[in-house]
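What follows is a short report on a single structure.
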Amino acid sequence: MTRAELIQQIKIKKSFLCVGLDTDITKIPEHLLAEEDPIYAFNKAIIEATADLCVAYKPNIAFYESYGIKGWQSLQKTWKALPKDCLSIADAKRGDIGNTSKMYAQAFFDEQQSGLGFDSITIAPYMGKDSVTPFLDFDGKWAIVLALTSNEGSLDFQNFQNTSGLQLFEQVIDKVNTWGTIENLMYVVGATRGEGFIKIREHAPDHFLLVPGVGAQGGSLQDVCQYGMNKDCGLLVNSTRGIIYASKGLDFADRAREEALKLQQEMEVELINAGIIS
Ligand SMILES: O=c1ccn([C@@H]2O[C@H](COP(=O)(O)O)[C@@H](O)[C@H]2O)c(=O)[nH]1
């Protein structure tokens, strides 16, 4: 999916919601455990219940690879069930020396080789240029690079200042910007970082940001929009547990839809206030 197509979907759906698919078999409704592939059955129901309300889906790969071969099969079926008008994000946080990163990129992008053809993948940039650029060599695909994450531990390194007063996440963005473009690079910025978005936008005014941390982690959608939205919206705001685990009963998909709808409605207001839609 291109940047222009993503912006178009945001305008059509009046939403910049990304639904996380971190499917934990211990948290899904009991009646699904009788299914041949309970994880896929759960994901399919969530996708069908939310597809018109979101512009992206983000399976976190840990929740699939932890089940070995069966988990990868659930992931593949889930990826195939994702609507074509939504950006598919493999939240895999990969990155290694160049020839290994190339294999990771093939694993998630090259459908002919691996059976998976995600639109984008999250990348940990710690190993530098050769660990990131193999993901940028795939036409039409996106690398979503960790910049300022939502977790407590983000403060361990990401805020370190150099002698010019620039924090590490600012230096990361400045450097990574030189490897790609706003057409194939996004950054991860946690919704819990509020005013941190001001600095992020100084360094990446036009890039899309993938923003996890609303819902279960307590980040504020309003703050994210106030400090992080740009003229094209420039945001994909993710919620996972707050949507997919809204109920453990027979009504789980309906309750997931209700939670997604609440976020979509708040997003519509933000898009109208910013003059992006009318
Ligand atoms: O900084 C980051 C980067 C990634 N994540 C991932 O996003 C989702 C958040 O799930 P919630 O249930 O909505 O909290 C999850 O897959 C994380 O691994 C993040 O939270 N923060």
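Please compute the length gained on full extension between residue 33 and residue 67, using 0.36 nm multiplied by the number of residues separating them and subtracting their Cα-Cα distance.
Taking residue 33 through residue 67 to full extension adds about 10.8 nm, to one decimal.
If I take R0 = 22 Å and measure r between the Cβ atoms of residue 230 and residue 4 in this structure, what FRET efficiency does the formula 1/(1 + (r/R0)^6) give, to the nearest 0.05?
0.90
Taking the Cα centre of the chain as the origin and placing charges on Cβ (Lys, Arg +1; Asp, Glu -1), which of 240, 194, 219 is farthest toward the positive end of the dipole?
So the residue furthest toward the plus end is 194.
Go ahead and estimate [θ] at 222 nm for the chain from helices alone: -39,500 (n - 2.57) per DSSP H run with n ≥ 4, summed, over the residue count, rounded to 500.
Helix contribution divided over all residues of the chain: -12500 deg cm²/dmol.
Taking a point 7 angstrom from the Cα of residue 265 along the C-beta vector, which residues in the range 12-42 have backbone N less than 17 Å away?
14-17
Using only the Cα atoms of the range 157-238, build the gyration tensor, take square roots of its eigenvalues as a ≥ b ≥ c, and label the shape rounded, prolate or oblate: rounded if a/c is under 1.5, else prolate if a/b is larger than b/c, else oblate.
oblate
How many nm separate the modelled label positions at residue 80 and residue 164, each set 7 Å beyond the Cα in the direction of the Cβ?
It works out to 5.0 nm between the two label points.
With label points built 7 Å along Cα→Cβ from the Cα atoms of residue 126 and residue 278, find their separation and express it in nm.
Between residue 126 and residue 278, the label points sit 5.0 nm apart.
Given a 1.4 angstrom probe, what's the average accessible area per residue across the chain, in square angstrom?
Roughly 44 Å² per residue, with all protein chains present.
Could you put 26, 78, 181 in order of accessible surface area, largest first, with the 1.4 Å probe and the full protein assembly present?
26, 181, 78
Pull out the extension gain between residue 24 and residue 174, defined as 0.36 nm times the separation in residues minus the alpha carbon to alpha carbon distance; nm, one decimal.
Difference between extended and current length: 50.4 nm.
If you take every DSSP beta bridge fully contained in the chain, what fraction is antiparallel? Give it as a percent rounded to 5.
Antiparallel bridges: around 5 percent, rounded to the nearest 5.
Taking the alpha-carbon centroid of each part, what is the distance from the range 208-278 to the range 45-79 in angstrom?
Each part reduced to its Cα centre gives a spacing of 19 Å.
Is there a quick way to get the dipole size of the chain? I mean about its Cα centre, with the Cβ of Lys and Arg at +1 and of Asp and Glu at -1; what is the value in debye to the nearest 20?
100
Give the longest segment of the chain that steers clear of GluC sites (Glu not before Pro) in DSSP loops with at most 16 neighbouring Cβ atoms within 10 Å, not counting the sites themselves.
Here the longest segment lacking exposed loop sites spans 37-151.
List the chymotrypsin sites (Phe, Trp or Tyr not before Pro) within the range 204-245 that DSSP assigns to loop and that have no more than 12 neighbouring Cβ atoms inside 10 Å.
Within the range 204-245, no chymotrypsin sites (Phe, Trp or Tyr not before Pro) qualify (loop, at most 12 other Cβ atoms within 10 Å).
With loop defined by DSSP as not H, G, I, E or B, and exposure as at most 14 other Cβ atoms within 10 Å, which is the longest segment of the chain clear of exposed trypsin sites (Lys or Arg not before Pro)?
Between the exposed loop sites, the longest stretch runs 85-230.
The values are calculated or read from the model by the stated rules, or taken from the named source; none is laboratory data. Small disclaimer: the values here were computed from a predicted structure and weren't measured. FYI the Cβ positions are ideal-geometry reconstructions off the backbone, even for glycines, and counts take in every protein chain you see. These accessible areas exclude ligands, DNA and RNA; they are computed on the full protein's heavy atoms, side chains included. Shrake-Rupley method; radii C 1.70, N 1.55, O 1.52, S 1.80 Å.
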